[in-house]
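*Asks:* Structure provided below as structure tokens; questions to follow.
The values are calculated or read from the model by the stated rules, or taken from the named source; none is laboratory data. Computed from a prediction, not measured in an experiment: that's the story for all the values here. A quick note on method: Cβ atoms are made from the backbone with ideal geometry, for glycine too, and the neighbour counts reach across all protein chains shown. When the accessible area is computed, the model is the full protein with side chains, heavy atoms only, and any ligands, DNA or RNA have been set aside. Shrake-Rupley method; radii C 1.70, N 1.55, O 1.52, S 1.80 Å.
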Amino acid sequence: QDEGQTWSDPEMVTPEGSLRAGEAKVAIDSKGKVYVTYSADVPLMSVHVELRTREDTGWSEPFIVSGDMQGAYHNYIFIDKTDKITCIWYSQFYGTHFYVRTYENNQWSDIYAPYENDGKQVIRDFILEPNTGDIYGLIELNLSNNYWNLALCHYRNLNDYWVPLYPDTVCANKASLL
């Protein structure tokens with residue numbers, strides 16, 4: 001209404017008792033509902049990824065998207081035009097991969113690693129293509145040669161399918177850039 005001149009007062013998103021919360025990401029569904037994910041360090045649980053939504057009465061209780069997986073951080077949240085939610089994060093404690101969980105038709109999927117057999121991986125960035133709901137990402141990939149390569153990964157929303165990593169998706173060898 002006033003072209004961004006007026007802002008609401010800040011609100012505390014993380015619950016009291018959190019030791020640390022960071023790497024927050026925000027997404028909004030087609031109804032205007034706000035979703036926030038963040039890496040939370042809570043007593044006796046290590047770091048995990050939490051999700052909260054903004055309700056009429058305040059923030060929802062935290063939902064632990066990463067389940068009982070410890071050491072989960074570098075999270076992303078995407079909501080496509082059908083309101084399917086996709087959460088992505090990295091964990092170095094469970095095979096050094098990135099993991100995915102979706103919410104669709106009022107149900108959370110199981111947690112899975114799309115490239116579980118493709119070497120160690122570190123997330124660098126992910127983006128959502130808004131028209132198709134496809135997700136593109138850059139990961140650093142170690143194929144057991146002690147060199148970290150930058151690889152492109154691609155999730156095809158229409159087919160609910162992660163495109164396999166092929167040698168031609170590797171963009172650059174970090175060692176050759178030094």
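*Asks:* Please report the accessible area of Ser8 (heavy atoms, 1.4 Å probe, ligands and nucleic acids excluded) in Å², nearest 10.
*Replies:* Here the accessible area works out near 90 Å².
*Asks:* May I pose another question? Please report the accessible area of Asp125 (heavy atoms, 1.4 Å probe, ligands and nucleic acids excluded) in Å², nearest 10.
*Replies:* My reading of the accessible area for Asp125 is about 70 Å².
*Asks:* Within the set of other residues whose C-beta is less than 11 Å from the C-beta of Ile28, count the net charge using Lys and Arg as +1 and Asp and Glu as -1.
*Replies:* It works out to a net charge of +1.
*Asks:* Related question: Once amide H atoms are built 1.01 Å from N in the peptide plane, which residues 5 or more positions from His97, or in another chain, come under 5 Å H to H?
*Replies:* Result for His97 returns Ser91, Gln121.
*Asks:* Next question. Once label points are set 7 Å from the Cα along Cα→Cβ at both Thr57 and Lys81, what is their separation, rounded to one decimal in nm?
*Replies:* Reported label-point gap for Thr57 and Lys81 is 3.5 nm.
*Asks:* Using a cut-off of 13 Å between beta-carbons, work out the net charge of the residues near Asp41 (Lys and Arg +1, Asp and Glu -1, Asp41 not included).
*Replies:* -1
*Asks:* Return the FRET efficiency for the residue pair Asn105, Asp125: r is the Cβ-Cβ distance, R0 is 41 Å, and the value is rounded to the nearest 0.05.
*Replies:* 0.90
*Asks:* Moving on to the next point. Quick one: ranking Phe78, Phe93, Phe98 by accessible area, 1.4 Å probe, largest first, what do you get?
*Replies:* Phe93, Phe78, Phe98
*Asks:* Related question: Would you rank Trp89, Trp148, Trp162 by solvent-accessible area, highest first, keeping every protein chain in place and using a 1.4 Å probe?
*Replies:* Reading off the accessible areas and sorting them downward yields Trp148, Trp162, Trp89.
*Asks:* Something else: With +1 assigned to the C-beta of every Lys and Arg and -1 to the C-beta of every Asp and Glu, and no other charges, what is the dipole magnitude of the stretch 1-115 about the Cα centre in debye, to the nearest 20?
*Replies:* Approximately 360 debye in magnitude.
*Asks:* Can you tell me the FRET efficiency between Tyr161 and Phe93 if r is taken as the Cβ-Cβ distance and R0 is 30 Å, rounded to the nearest 0.05?
*Replies:* Plugging the Cβ-Cβ distance into 1/(1 + (r/R0)^6) gives 0.65.
*Asks:* To the nearest 10 square angstrom, what accessible area does Met12 show with a 1.4 Å probe?
*Replies:* Spelled out: Met12, probe radius 1.4 Å, area about 150 Å².
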